[in-house]
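Since every read-out is calculated from the coordinates, none of them should be taken as a lab result. Here the structure is a predicted model, which means the values were calculated and not measured.
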Amino acid sequence: MDVSVPLKDRITQQDNKGNENVPESILEYQLDKQAKEHYFRIRWIGFSEFENTWEPITDIYEDCPDIVESYLETCAVELRVTIQRLLGIRNVA
């Protein structure tokens, strides 16, 4: 899966078995300092760990806010606040 493919298109695409690609969880956060882009590493339902991908955090939040909120609960306060700011989420913690 290539990051350049919009996440919405990937989620609605079906593989050759008729399964939709759905995020299972967020594994980690990364900042690409050169590109000034923020990414989550995504674990996909029905795919091996070798098929985890880096996706823009805004795309994941737009399509799967519950997964992002669950991930934020596990983050250190500083990282949680940073991600909430990037996504325009009010700091509730």
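So here's what we get for this one:
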{"read-out": "Integer Hz, Karplus 6.51/-1.76/1.60 couplings in order for segment 35-48, x for Gly and Pro", "value": "8, 6, 10, 10, 9, 10, 8, 10, 9, 9, 4, x, 10, 6"}
{"read-out": "Nonlocal amide H pairs with Glu24, under 5 Å, H built at 1.01 Å", "value": "Arg43, Trp44, Ile45"}
